[in-house]
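Undergrad: Would you mind keeping the following structure in view while I ask a few things?
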Amino acid sequence: MPIATTGKVLVSGANGFLAVWVVRAFLENGYAVRGAVRSADKGVHLSKIFKDYGEKFEVVEVPDITKEGAFDEAVKGVDAIAHTASPYHFKADDPAELLEPAIKGTVGMLESARRCGTAVKRIVVTSSTAAVLHDEPTPQTFTEADWDDQAVENVQRDGRNASNVHKYRASKTLAERAAWDFVKTHGSSLKWDLTVLNPPLILGPILHEVSSPSLLNTSALQMYNTYTTPDFVAGGGCWVDVRDIALAHVLAVKKEAAGGERIIISREAFWWQDWLDATPEAAKSNPRYQKGKPGSQKDVIPPVSYDASKSVRILGIKYRDMEETARDVVSDYEERGW
């Protein structure tokens, strides 16, 4: 299928932590962007920070992404779509709080593009490695061939009593499977193809509107707490810089070979202590930032890692290292007076 090397891109959930960087990445690469937000006030900050792009950036309201036909108007006249809108938190009681917007929002976007997106050439859906990994007793390296059906089974069995982590992971797994099923069902009648990106924990400096640390999104708050809350260094995971996953969306639209692919976008595994150890020297003397136990996790094998070689091979992505991201995050805190 033809690819969208220029033109207009629809970005859903455009005011979110990742999505704002996605908008910026497309604008910086010469695209026009239509940012979809739930309400007009959600778009005010976006209009301010992207004002220099003039008519190349516009905001549209999509109040409820679970509503049938919610994206019908938004997809008209765009050449590509980056669907980033999906809830990410660990506070859901009823699993439906996560499952419904994740699944209905994703399928609804694809259906709107099928019926109304006559110019759309490619859709990039932001999934997660939450749809990839599953709990194992020994350290594992996962690839795009893996699926987290384990979390789905646990939620189907336990409902509200399932762990909040499994509720979230099930939402990402079911939403992504629904996207691939949609493409399979409609087959060659579609005028666009699908790429799915699977990032782990997304970290990095903040571009979206946040007035205080307490209002940070889940991943950014975890990082802030790691730096500023004594003894908040347990555990770890895998990570990617928000600017790298944002650029991956652009590359996924530009690269013909990305069509029809599921691609893990991940830098490396980490322990939270690693981030404290990577704090810039100039900031280590600041009493606001804890030091933890330097070097204590250096030789401990993380339980989960990902093979991200496909992202390098197909997208040509070059990942930032931990030291650069740590430097920019701490600098962001300093500028905000946090």
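Undergrad: Failed condition for L276, given (1) more than 25 Å from K172 (Cβ to Cβ); (2) open to solvent by 30 Å² or more (accessible area, probe 1.4 Å); (3) hydrophobic (A, V, I, L, M, F, W, C), with all others met?
TA: Result: L276 fails condition (2) only.
Undergrad: Which residues, taken from segment 296-338, are assigned to a loop (DSSP other than H, G, I, E, B), surrounded by fewer than 18 Cβ atoms within 10 Å (Cβ to Cβ) and of a type in the set (A, V, I, L, M)?
TA: Result: V300, I301.
Rundown of residues vs (1) more than 30 Å from D41 (Cβ to Cβ); (2) crowded, with 23+ Cβ neighbours inside 10 Å; (3) out of contact with any helix residue (DSSP H, G or I) (no Cβ under 7 Å at 6 or more places or on another chain); (4) not hydroxyl-bearing (S, T, Y), yes/no style:
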residue: T173; (1), (2), (3), (4): yes, yes, no, no
residue: R177; (1), (2), (3), (4): yes, no, yes, yes
residue: V183; (1), (2), (3), (4): yes, no, yes, yes
residue: G187; (1), (2), (3), (4): yes, no, yes, yes
residue: L201; (1), (2), (3), (4): no, no, no, yes
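Undergrad: Something else: Does segment 25-58 hold any residues that are under 20 Å from the mean Cα position of the chain (by Cα) and among the β-branched types (V, I, T), and which are they?
TA: V33, V37, listed by residue number.
Undergrad: Could you tell me which numbered condition E153 fails, if it satisfies all but one of (1) surrounded by fewer than 16 Cβ atoms within 10 Å (Cβ to Cβ); (2) closer than 19 Å to V253 by Cα?
TA: All conditions pass for E153, except number (2).
Undergrad: How many of the residues in segment 284-295 are surrounded by 17 or more Cβ atoms within 10 Å (Cβ to Cβ) and small (G, A, S)?
TA: The number of residues fulfilling the criteria is 1.
Undergrad: Taking the condition small (G, A, S) and either more than 21 Å from the chain's Cα centre (by Cα) or closer than 24 Å to W147 by Cα (or both), does A326 pass?
TA: no
Undergrad: Okay, next question. Identify, by number, the condition in (1) under 22 Å from V196 (Cβ atoms); (2) in contact with a helix residue (DSSP H, G or I) (Cβ under 9 Å, 6 or more places away or on another chain) that E61 doesn't meet.
TA: (1)
Undergrad: Let me ask something else about it. Among the residues of segment 128-139, how many are open to solvent by less than 60 Å² (accessible area, probe 1.4 Å) and over 19 Å from A96 (Cβ atoms)?
TA: Applying the first criterion (open to solvent by less than 60 Å² (accessible area, probe 1.4 Å)) to segment 128-139 yields 128-134.
If we keep only those that are over 19 Å from A96 (Cβ atoms) too, we end up with 129, 132-134.
Final tally of qualifying residues: 4.
The values are calculated or read from the model by the stated rules, or taken from the named source; none is laboratory data. On a predicted model such as this, the values are computed, not experimentally measured, just so you know. Note that we place each Cβ from the backbone using ideal geometry, even for glycine, and neighbour counts take in every protein chain shown. Side chains included, ligands, DNA and RNA excluded: accessible areas come from the protein's heavy atoms. Shrake-Rupley method; radii C 1.70, N 1.55, O 1.52, S 1.80 Å.
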